[in-house]
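A short write-up of the structure that comes next.
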Amino acid sequence: MKIHEYQAKQVLSRYGVPVPRGKVAESVEEAVESARELGGEICVVKAQIHAGGRGKGGGVKVCRGLDEVRESAEKILGMQLVTKQTGPKGQKVLRLLVEEGMEIVKELYCSVLVDRTRQSVVVLASTEGGMDIEEVAASTPEKILKTFADPSLGLLPYQATELAYGLGIDKLNPKLIRQTAKTFSSLYQTFVQEDCTLVEINPLVLTSDDRVVALDAKLSFDDNALFRHSESMKMRDPAEEDPLEAEAGEYGLNYIKLDGSIGCMVNGAGLAMGTMDIIKTFGGEPANFLDVGGTATEETVEKGFQLISQDPNVRCILINIFGGIVRCDMVATGIVEAFRKVNLQIPVVVRLEGTNAEEAQKIIGSSGFGEQLQMADGLGEAAKMAVASLG
Ligand code: GDP
Ligand code: MN
């Protein structure tokens, strides 16, 4: 689960990470009032959406004086902000963060995440802050420092200090070595205590008044651990979530929207991935990932149909169910009933394999929906039929 920058900064400051003073605003008036309360000459107005790259997209404005704050707030609030991470449609800005301006001397990068290969938490840091870190990683990987924290020991103070020296803080501003190292430790603490999957500060800045400040903050929680963080759960923002994905979550279905035209309904995540691959092999594009879980009942198939058919790009649905735990004839009956109820206007291709597959074939074959509901023999054929149905 992702949260907004202003929420991430609230969490981080509880762990001792220095953040700029700031206020959240939901209207232009509030934004101006917040800037007035902050007092300083320079203010930064920042769009609050769950995506990075806002600066380049026009979602972060450094303002001098209240008139500029008003102007920027009017521009940003309500805009459809398009960044590298939002996709072409962008995300509507409903909230602003108004912060005191900082005089930046140096922008650094820092993040904490899990390194699966090393089976430990890794702290990444770089002198190349403020830019696309993916680009730094690709062109100058030596500029990204990595420190692995032993899971039983945590990030040791000497490791945090070493990182600070590694970034050359001693040369940039020797007064800030201790504070920088302490910030790394606090970021690590946040990551572990809050069960995060990512804590990313880009940029972490050194200021002209000798401070280390997290100017930006991105934080994601591990969904599997949310049950033990009731406070974190309150930070969920439904406006930022794909409505179909949120609806699927309520039914316990694992749905991820994609851009293609062939809707998929599959039992098992691995089989769902395989199904998407085969659709692509035969020249189609999957419209979604949907894992209906081990048991494909009439109810889950019906919910699946409803979800998939809400996506206007979908022109055909491919069902791929392996009847291991569930019997194929029962699944087939469920599909026919769900198909009848939902009254779909697009063709459905079914591939059922496993226990009682032949009975399933008969049930689908005699359902009376003809071309609209067809059974395929094998996954390759199913994908071919789905692609052919697009015309
Ligand atoms: P992002 O583009 O979504 O990552 O948003 P950021 O919060 O990282 O802001 C983008 C850029 O705006 C930063 O890299 C800074 O260069 C600049 N910026 C943000 N806040 C301030 C500030 O207080 N003072 C100055 N001078 N620049 C700022
Ligand atoms: Mn940033």
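The sum of -39500 (n - 2.57) across all DSSP H runs of n ≥ 4, divided by the residue count of the chain, sets its helix-only mean residue ellipticity at 222 nm to -11000 deg cm²/dmol. Computed from Cα atoms, the angle from the helix 28-38 axis to the main principal axis of the chain rounds to 30 degrees.
Within the accessible area of the chain, the carbon and sulfur atoms contribute 51%, probe 1.4 Å, all protein chains present. When DSSP beta bridges are restricted to pairs lying wholly in segment 242-388, around 20% turn out antiparallel. Simple point charges give the picture: +1 on the Cβ of Lys and Arg, -1 on the Cβ of Asp and Glu, and for the chain a dipole about the Cα centre of about 600 debye. Across segment 242-388, the relative contact order, built from alpha-carbon pairs under 8 Å that are at least six residues apart, equals 23 percent. Taken about its Cα centre, segment 242-388 carries a charge dipole of roughly 240 debye when the Cβ of each Lys and Arg holds +1 and the Cβ of each Asp and Glu holds -1.
Counting Lys and Arg as +1 and Asp and Glu as -1 over every other residue whose Cβ lies under 9 Å from the Cβ of His229, the net charge comes to -2. Label-to-label distance for Arg14 and Gln80 is 3.7 nm, based on points extended 7 Å past Cα in the beta-carbon direction. Subtracting the Cα-Cα distance of Glu245 and Asp115 from their residue separation scaled by 0.36 nm leaves 44.1 nm. Were the residues from Glu29 through Leu258 laid out at 0.36 nm apart, the gain over their Cα-Cα distance would be 78.6 nm. Here the extension length gained between Leu94 and Glu68 equals 7.4 nm, from 0.36 nm per residue of separation less the Cα-Cα distance.
In whole angstrom, the chain maps to an equivalent ellipsoid with semi-axes of 49, 25, 17, each derived as √(5λ) from the alpha carbon gyration tensor and ordered largest first.
Surface listing: Glu74, Glu247, Glu285 arranged by accessible area from highest to lowest gives Glu74, Glu285, Glu247, probe 1.4 Å. The residues of the chain expose on average 48 square angstrom of accessible surface per residue, using a 1.4 Å probe on protein heavy atoms.
Inter-label distance, Gln310 to Ala137: 3.2 nm, where each label sits 7 Å from its Cα along the C-beta direction. Entry note, the chain: relative contact order of 12 percent, from Cα contacts under 8 Å with a spacing of 6+ residues.
The values are calculated or read from the model by the stated rules, or taken from the named source; none is laboratory data. All values reported here derive from a predicted model rather than from experimental measurement. No Cβ is skipped: glycine too gets one built from the backbone with ideal geometry, and neighbour counts run over all protein chains shown. Remember, those area values only see protein heavy atoms, side chains included, never the ligands or the DNA or RNA. Shrake-Rupley method; radii C 1.70, N 1.55, O 1.52, S 1.80 Å.
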